[in-house]
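Peer 1: Here it is, the structure in full.
The values are calculated or read from the model by the stated rules, or taken from the named source; none is laboratory data. It should be emphasised that the depicted structure is a prediction, and the values quoted were computed from it without experimental measurement. Cβ placement follows ideal geometry from the backbone for every residue including glycine, while neighbour counts extend to all protein chains displayed. Heads up: the accessible areas ignore ligands, DNA and RNA and are worked out on the full protein's heavy atoms, side chains in. Shrake-Rupley method; radii C 1.70, N 1.55, O 1.52, S 1.80 Å.
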Amino acid sequence: HDSRKEMAQDVQTFYRELPKVELHAHLNGSVSSATVEKLVASKPHLNIHQNMTAIRGGQRRTLDECFQVFKVIHQLVDSEEDVMMVAKDVIQEFAADGVKYLELRSTPREDGKTGLTKRSYVQTILEAINQCKEDGLDIDVRFLVAVDRRNGPEVAMETVKMAEDFMLSSDGAVVGLDLSGDPTVGHGKDLLLALQKAKNAGLKLALHMSEVPSQNEESELLLSLPPDRIGHGTFLHPEVGGADSLVEKVRKNNIPLELCLTSNVKGQTVPSYDKHHFLYWYQLGHPCVICTDDKGVFCTDLSQEYQLAASTFGLSNEAVWTLSQRAIACSFAPQDIKNQLEQKWTKLRPQILH
Ligand code: IMP
Ligand code: ZN
């Protein structure tokens, strides 16, 4: 039963047609099985099998095992050519799913064997974004440079400097910085300086926070920046070991939460869909944005995530529409793009919401 619910072809037309905003998508976690197939075929010597890169059906993995999956995907995506294909495929797939505005994020990587550098990595993604624009896809794509917390303060600082350069030279494509990576490794306090520098330079901050329990101290520190959006925030509220002071800070600064239902259930940080913290924040009237996190790894897409939220929490189509529209304001898009998106939603509404 559970696994049937998770099959993307079961998604109702309304959710597919619904115009959507995706704000939390890691590039390499978003690689579809079709793209993995192409990569596997081009690198037979790696002996990588499809089932090593995706968590299907009703399967679950520990968060640790999820991070092993990313390592496998990184082996498959190690050249400019691969990054270009992956980025274009992912953008096309989001567009085909009705996503009108997408913020992709990815950790710059280098590879001595293929000549990939951190700069050419980002440059290639930006080029893929431009090519998709030239192809006339009905999707506006922006990019967040990701800092992997595992790599410590020096790499974080280097990454911030690079992100600042790209922010100034990418014609508005690079809008912010992400903090992600295995939440059990490293501490936010070592990265605070780099994050502060990014913020001062005008980069928006989307930070993974309280993804696992017992990170109250770190979350308190990160909230002092404060960030512009929070990824997951699973353990912020006191009912799950968080703290009232954390919730108050998030509410006072009105910091939107990026919520990824299937990712959290399959990664086992949330016991079941109905126990997802979406409900807690949604009931408070706090800005919540439904996102996929890693649509490839977790075998989902944004339409399906909206449908899961609706069926789990009993949201009407009207409420789902409002949820998707409110995501526009939470994006890091410039104001004129936000206005254009609002107009698009207004125009589509009578066709889709009947
Ligand atoms: P990439 O940055 O495009 O290579 O996407 C994969 C990377 O995203 C992983 O290696 C992690 O650093 C990060 N990532 C993906 N999903 C999560 C998550 O749920 N929590 C924290 N980090 C994540
Ligand atoms: Zn994430």
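Peer 1: Against the definition (under 26 Å from Glu80 (Cβ atoms), surrounded by fewer than 23 Cβ atoms within 10 Å (Cβ to Cβ) and within 16 Å of ligand 1 (Cβ to nearest atom)), how does Gly181 come out, yes or no?
Peer 2: Numbers: under 26 Å from Glu80 (Cβ atoms): yes; surrounded by fewer than 23 Cβ atoms within 10 Å (Cβ to Cβ): yes; within 16 Å of ligand 1 (Cβ to nearest atom): yes.
Spelling it out, Gly181 is indeed under 26 Å from Glu80 (Cβ atoms), surrounded by fewer than 23 Cβ atoms within 10 Å (Cβ to Cβ) and within 16 Å of ligand 1 (Cβ to nearest atom).
Yes/no per residue for (1) in contact (Cβ under 8 Å) with a residue 40 or more places away in the chain; (2) within 16 Å of ligand 2 (Cβ to nearest atom); (3) in contact with a strand residue (DSSP E or B) (Cβ under 7 Å, 6 or more places away or on another chain):
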position	(1), (2), (3)
Ala25	yes, yes, yes
Ala34	yes, no, no
Ala41	no, no, no
His45	no, no, no
Gly58	yes, no, no
Phe67	yes, yes, no
Val72	no, no, no
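Peer 1: Please determine, by comparing only the residues of region 15-67 that are of a type in the set (Gly, Ala, Ser) and in a loop (DSSP other than H, G, I, E, B), which one is surrounded by the most Cβ atoms within 10 Å (Cβ to Cβ).
Peer 2: For region 15-67, the residue satisfying everything is Ser30.
Peer 1: For region 77-125: of the residues being of a type in the set (Ser, Thr, Tyr) and in contact with a Leu (Cβ under 8 Å, 6 or more places away or on another chain), which is farthest from Lys43 (Cα to Cα)?
Peer 2: My answer is Tyr101.
Peer 1: Next up: Suppose we filter Leu225, Leu207 for residues that are open to solvent by less than 40 Å² (accessible area, probe 1.4 Å) and over 18 Å from Gly152 (Cβ atoms); which single one remains?
Peer 2: Values: Leu207 fails: over 18 Å from Gly152 (Cβ atoms).
Matching residue, one of Leu225, Leu207: Leu225.
Peer 1: Of Leu222, Leu144, Leu207, which residue is aliphatic (A, V, I, L, M), in a helix (DSSP H, G or I), closer than 29 Å to Ser245 by Cα and within 16 Å of ligand 2 (Cβ to nearest atom)?
Peer 2: Of Leu222, Leu144, Leu207, the one residue that is aliphatic (A, V, I, L, M), in a helix (DSSP H, G or I), closer than 29 Å to Ser245 by Cα and within 16 Å of ligand 2 (Cβ to nearest atom) is Leu222.
Peer 1: Let me ask something else about it. When residues of region 184-204 are filtered for being open to solvent by less than 60 Å² (accessible area, probe 1.4 Å), within 16 Å of ligand 2 (Cβ to nearest atom) and farther than 15 Å from Glu154 by Cβ, how many remain?
Peer 2: Of the residues in that region, 2 qualify.
Peer 1: Just to be sure I understand, how many residues within region 281-307 are surrounded by 15 or more Cβ atoms within 10 Å (Cβ to Cβ) and more than 17 Å from the chain's Cα centre (by Cα)?
Peer 2: 4
Peer 1: Of all residues in region 178-204, count the ones that are closer than 18 Å to Asp228 by Cα, within 21 Å of the chain's Cα centre (by Cα) and in a loop (DSSP other than H, G, I, E, B).
Peer 2: 3
Peer 1: Might you let me know whether region 69-92 holds any residue that is in a strand (DSSP E or B) and either open to solvent by 20 Å² or more (accessible area, probe 1.4 Å) or more than 20 Å from Asp293 (Cβ to Cβ) (or both)?
Peer 2: Checked against the condition, which is being in a strand (DSSP E or B) and either open to solvent by 20 Å² or more (accessible area, probe 1.4 Å) or more than 20 Å from Asp293 (Cβ to Cβ) (or both), region 69-92 yields no hits at all.
Peer 1: Just wondering, is there one or more residues in region 229-243 that are among the polar types (S, T, N, Q), at pLDDT 95 or above and either away from ligand 1 (no atom under 16 Å from the Cβ) or open to solvent by 10 Å² or more (accessible area, probe 1.4 Å) (or both)?
Peer 2: So far as region 229-243 goes, no, none of its residues is among the polar types (S, T, N, Q), at pLDDT 95 or above and either away from ligand 1 (no atom under 16 Å from the Cβ) or open to solvent by 10 Å² or more (accessible area, probe 1.4 Å) (or both).
Peer 1: Would region 94-103 turn up any residue that is of a type outside the set (A, V, I, L, M), touching a Phe, Trp or Tyr at 6+ places or on another chain (Cβ under 7 Å) and either away from ligand 1 (no atom under 11 Å from the Cβ) or within 25 Å of Glu17 (Cβ to Cβ) (or both)? Explain how you work it out, then say what you get.
Peer 2: The first filter runs over region 94-103 and keeps only residues of a type outside the set (A, V, I, L, M), leaving 94, 97-98, 100-101, 103.
Checking the rest, the ones that are also touching a Phe, Trp or Tyr at 6+ places or on another chain (Cβ under 7 Å) come to 103.
Still in the running and either away from ligand 1 (no atom under 11 Å from the Cβ) or within 25 Å of Glu17 (Cβ to Cβ) (or both): 103.
Checked region 94-103: at least one residue is of a type outside the set (A, V, I, L, M), touching a Phe, Trp or Tyr at 6+ places or on another chain (Cβ under 7 Å) and either away from ligand 1 (no atom under 11 Å from the Cβ) or within 25 Å of Glu17 (Cβ to Cβ) (or both).
Peer 1: Still on this structure, I have one more. As an exercise: evaluate Ala194 against (1) touching a residue at least 40 places away in the same chain (Cβ under 8 Å); (2) closer than 30 Å to Ser303 by Cβ and give the number of the one condition it does not meet.
Peer 2: (2)
Peer 1: Still on this structure, I have one more. So which residues in region 333-342 are surrounded by fewer than 20 Cβ atoms within 10 Å (Cβ to Cβ) and either within 17 Å of Val99 (Cβ to Cβ) or among the hydroxyl-bearing types (Ser, Thr, Tyr) (or both), if there are any at all?
Peer 2: Answer for region 333-342, where residues must be surrounded by fewer than 20 Cβ atoms within 10 Å (Cβ to Cβ) and either within 17 Å of Val99 (Cβ to Cβ) or among the hydroxyl-bearing types (Ser, Thr, Tyr) (or both): Ile337, Lys338, Gln340, Glu342.
Peer 1: So which residues in region 167-177 are crowded, with 21+ Cβ neighbours inside 10 Å and assigned to a helix (DSSP H, G or I)?
Peer 2: Scanning region 167-177 gives a single hit, Met167.
Peer 1: What number goes with the only condition from (1) part of a helix (DSSP H, G or I); (2) within 19 Å of Asp140 (Cβ to Cβ); (3) among the aliphatic types (A, V, I, L, M) that Ala309 does not pass?
Peer 2: (2)
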